Each structure stands twice: as structure tokens, then as C-alpha cells.
Amino acid sequence: MCGLTGEIRFDGRRADPAAVERMSERLAARGPDGQGTWTRGPVALGHRRLKIIDLSDRGAQPMTDARGEVTGVFNGCVYNHPELRAELRGLGHVFASTSDTEVVLKAYQQWGTACVEHFLGMFAFAIVEHRTGRVVLARDRLGIKPLYLAETPGRLRFASTLPALLAAGDVDTSLDPVALHHYLSWHATVPAPHTMLNGVRKLPPATVRVIEPDGAHRDHRYWQPSYTRRAECADMGADEWRDAVLDGLRTAVRRRMVSDVEVGVLLSGGLDSSLIVALLADEGQRDLRTFSVGFETEGGEKGDEFPYSDLVAREFGTDHQQLMVPSDRVSTALDGAIAAMSEPMTSHDVVAFYLLSEQVSKEVKVVQSGQGADEVFAGYHWYPQLAEVPREDEPERYAATYFDRPHADLARVLRPDMVPRDDVSDRFVRRHMAAPGAETALDAALRLDTHVMLVDDPVKRVDNMTMAWGLEARVPFLDHELVELAAACPPELKLADGGKGVLKEAGRKLLPREVVDRPKGYFPVPAIRHMAGPVLQRVRAAFEAPEAKRRGLFQESYVAELLAAPDEHRTKRGANALWQIALLEIWLQTHGIK
């Protein structure tokens, strides 16, 4: 797990190593254990290293193969790197390290861009072919590891975070109205390739981009489950599906224990993280380090779920730590969390992940997290509503259920020139819903949520907040083989028992009933949900700042209306409307965007 950067020139000039170093320095928190740069004519690469696999200097990056044919930088972890190393040795490759980075390079030399199809893991990488000058960029199937791009005439820069690109300079920081529309419509989700800035794009998940020396490029999307029923599964009953899911998750969790350092678990006490702990205990793991976070009660809302996480910790004998965060720490950490955001994220639990990661990083370097189970296994309360409608009515019901506000409402929120004429968010959803595959309305909704919303909201949130403290988070529910299995699972088995039915049945084989049958929980941060005390003061200060006045992004009457009753205005999805727009303004100010 690391941070990578690079620059490619297409105009005959040499790459600028100083710009690459500025980007790399901005990624220091993602890789506090080492740094390196490499230049060759029009290409320069930079890297910050977090030592997880092969702790020796033989795993340092940028890495060049022994024959001097390719150089690469890599972020993430290939969990099956030992098996691939053995296979590649059998094909004649010689290794100088035990790092997964070297496996990535050798796999590219053996299979070309098809190497990604051999990898089980999370990754983003850049590989330079010395002979041709070609550069290959790639991102993992579920977009767990990010890759941002900034292109100007004659040049492309790339980095693991958007702020790193800003550190290099010469980025068009004007706001992208399409991204802004998505942000305000779709619960802060901005799908690839867009970001909030016109000058920055992101490589989509499951994509390989091949860039020629003249700047021409081609993209290949190498993975997308069909979300249809498999013929070989036609005779499977509920018990067989339960066992298949449990076996798939067991494999996913086992894979994510591959490490040369200790691996812990973020234990909320909910079904998903508790299953991870139970499966590790079932595999013989002893004295597993587990961590839970809680916050002070605010506005009558309890801010912790410690009784459940304590129950799981006792049941499986983990070495457990409760981390209670006082409300005043939330406000003081707010700016740090926003500085760590590559893109603005409105979910209040972003600060919870930030503060949890701060504490956990003092104990371990790697954790497993239960993120993604609700999208993959239909755990949210709105999925039954979506399943009831005919396939052709799905886009309207999805927007009515999930969007924060309709297109027409944006005119009273934003200044006129920032409101697209068309409902671009609705058009995006319709295009995805109409794509081949996805037998039922629920299949279409889960495909959209898993491959778009999940990538650019919860998964990005976990990556940004953990890596802000040099903590690697691994997400077994996003093992691509498990996702493929879940996509093929009959919708009625996922919707059963109030949602995640097949997963709950798997949980009943290992977990106490109190954990499986409890009400759905989340990371509650009451001080933000209710805009309390210092958090509200920070919001007011943001709108009063000279930058906000000059920008004039939001209609003054709308801002005044929200500030007059900060805890009363909610979007259709129930989000605090003031927090949603304030977070964007604070993010812009934090990153120096005028």
C-alpha cells in the first residue's frame, strides 16, 4: 500500500522530476516508510512506500526489472502474489525480491495488459516500457485503489490523490458542472471519469489505459459481472447459496491475511465486520487485534455500538480496543479529515474513519474492514422498493429513492451558470440501467451501486481516511470472485430477512444471534448529523470566508435559509442539507481552490 505519481510528456520535452517530487511529498502520509523517483526522457515516476510485503529495500519503488525492460510504480496489494511468483518462475522468470510489485512487473512482461486478469487484489499501477516509450496505467476491478489524472497540452500527470496533482501546479481548478450536479443529486457520488475540477479526471475501475509516446491512448475495461443467473447454479437451493457465500467470504478473508506485518480488523459489531472476525477465528487465528470507535451522545442520539463489538470480541477472544472520541475532538479533526479527501465526501462517518484510523495506525499497519457488504448483498432498506418495479421503470424509482433532490431544485441551490441544462444525473442512471445484463430491476440497481456508487463514496472514503495515517484497509466483501457470486445469487435470497438474507443465514452458522438479528447500525457521528457546537461554527466561518464570497457558488438566499435552521433542512435521502453544501465549500478552501 503506497502512493504513486508520474508525468509523461508528449511534446518532445523531458519530464519534470521536481513536479513529480512535489506530488510525491504530498503523498507522504500514504507511504511514510520510503520514497523514490525515476526519470527517463519524457517519463518520470515517483513513489511513497508503506512497507507491508517484503520489508527489505528489495521491495523499494520505482522498480526496474533486472533486464532493464520495464519500470513501474504500484499501489495496493496482490494477494495471490506467492502463487503467481511460483507460476512465473515456472515460465522462466527470475525474482530478486518477495514483493508483489516485482510480481506485477514480471506478470506484465509475461502477459502484457492481460496481467490484470491474473491479479487477485486491489491495485493501481503505472508501467513504462523502455523500448517503446509506452506507458500503461491500470486500476483494480472495484476501484479500491484510486488513480487521478491531469492532462494539459503536451503533458499528462497522474497520482494516487487529487491533492497531489494540485501540489504539482498548473491544474485547471474551475468547477465541473456535471460533477457538481452528481454531487448534489447522488449523495456526493461523482462517477469516473469526472471529479469536481475540470482539470482532473480519474481512471475508471477495471480499466487498463495504454498511452503511446505521442499521447494517443486506448482504454480497455477488463471486468464486469453480468448480474444474471448462472446455468450451473440453477439447481442450488437457499442452503447451497448460504454455504457458497460463506465459503467465498472465507476465501476472501483468508486472502487478505497475506502480509509480512500484523493484520487487525475494524470491528463495528455489525454483521459484516463480525463475520470477518468469526471466519478468522474459525481459521485458527488467535489474539486477533480488533478496534471499535464511538462518539459522545449528541442531540439524544447515541454515538457508539460498543455492546455489540464487545460481545463479538468476547465470543472470539480477540485483543480488543474501544476508542471513545469526545465531541470536541470531532470538530478539531474535521479540517484534517477534509484535507485528506481527494474529493468532497458528505457522509458523516468520514470523520469517524479518520479518527479511528489515527488511533489504529499506532497499533497495526493493516486492517480488514466490512465495507461493501450492503451494496453487494442488498442490505439497504430501499432495495425492496426497487425490486417491486418493472425493469423499464427502474430509473425513475431509483432516482426517486436514492437521489437527494430533483434536477429542478438545483436552481435554488446553485448560481445559474453552474446548473446544467439537462438532468445529467438522471441520464447517467438511465444509461447504466439500459446496459446489457442485469435480469431484474434489483440486479440493475445493485450493479449500479456496486460498480459506481460504492466506488466513489464508501470505498473512496475508507481509502482516503485510512491512508491519511499510513494504514492499509483491506475489504474482503469486495473480493471480485465474491462479488461475481453475489451478482449471480437470486435477488429474493439477498432481499430475505430485511436485506442481506443469504449473508445473515451464513452469519447464523458462526455468530451469536444478537449480532445477526440486531437493527442495522453505522458509524454514528452525532455532532455532525445535528450540526452541533463547534462544527456549526466551522460551517458558518466557511460561508463567511472571502473565498466563498468571491466564488458565489451557492445562492445566498438558500445558504441563509439553511443557516437559520441548521438541523431542520434535510435532503430526500435524509442528509443534512447544510452539511452537504458546507463540506464542498470547506473542501475547496482547504485545497486552495479559488
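The values are calculated or read from the model by the stated rules, or taken from the named source; none is laboratory data. Keep in mind it's a predicted model, so treat the numbers as computed, not measured. For neighbour counting, all protein chains shown are included, and Cβ atoms are generated from backbone atoms with ideal geometry for every residue, glycine included. Surface areas here come from the heavy atoms of the whole protein model, side chains and all, with no ligands, DNA or RNA. Shrake-Rupley method; radii C 1.70, N 1.55, O 1.52, S 1.80 Å.
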Alpha-carbon gyration tensor eigenvalues x 5, square-rooted, for the range 2-221, Å: 27, 19, 17
Ordering of 197-206, 227-236 by burial proxy (mean other Cβ atoms within 10 Å per residue, highest first): 197-206, 227-236
Asp11 versus Arg134: modelled label distance in nm, points set 7 Å from Cα along the beta carbon direction: 2.6 nm
Backbone N within the range 487-511 under 13 Å of label point (7 Å from Asp282 Cα along the Cβ vector): 503-511
Formal net charge of residues neighbouring Phe353 (Cβ-Cβ distance under 12 Å; K, R +1; D, E -1): -1
Farthest positive-ward along the chain dipole, Cα basis, beta-carbon charges - from Val367, Met236, His81: His81
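Cross-link list Lys145/Lys504; Lys202/Lys504; Lys460/Lys494: which exceed 30 angstrom alpha carbon to alpha carbon?
Pairs exceeding the cut-off: Lys202/Lys504.
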Peptides 246-257, 120-131 ordered by average Cβ neighbours within 10 Å, highest first: 120-131, 246-257
For Thr64, net neighbour charge (Lys/Arg +1, Asp/Glu -1) across residues whose Cβ lies under 15 Å away: 0
Residue-normalised accessible area of the chain, given per residue in Å² at a 1.4 Å probe: 36 Å²
5 angstrom amide H check on Ile144, placed H, neighbours 5+ away: Phe123
Given charges at beta-carbon only (K, R positive; D, E negative), |dipole| of the chain in Debye: 1400 debye
Accessible surface of the chain, 1.4 Å probe, proportion on carbon and sulfur as whole %: 49 percent
Length-normalised contact order for the chain - Cα pairs under 8 Å, 6+ apart - percent: 15 percent
Heavy atoms of Lys51 accessible to a 1.4 Å probe, total area in Å² rounded to 10: 50 Å²
Protection proxy ranking of 353-361, 489-497, 6-14, 469-477 - average other beta-carbon atoms within 10 Å, highest first: 469-477, 353-361, 489-497, 6-14
Binned Cα-Cα distances of the range 1-77, short to long, each 10 Å bin given as a whole percent: 21, 50, 26, 3
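Run the numbers on the range 2-221 and let me know its relative contact order in percent, using alpha-carbon pairs under 8 Å that are six or more apart. Show your work: numbers first, answer last.
On the way: 494 pairs, mean separation 43.1, N = 220.
It comes to 20 percent, rounded to a whole number.
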Net charge contributed by nearby residues that have their C-beta within less than 10 Å of Leu149 (K/R +1, D/E -1): +3
Diffusion constant of the chain at 37 °C, which comes from Stokes-Einstein with the Kirkwood Cα-pair radius and 0.692 mPa s, µm²/s: 134 µm²/s
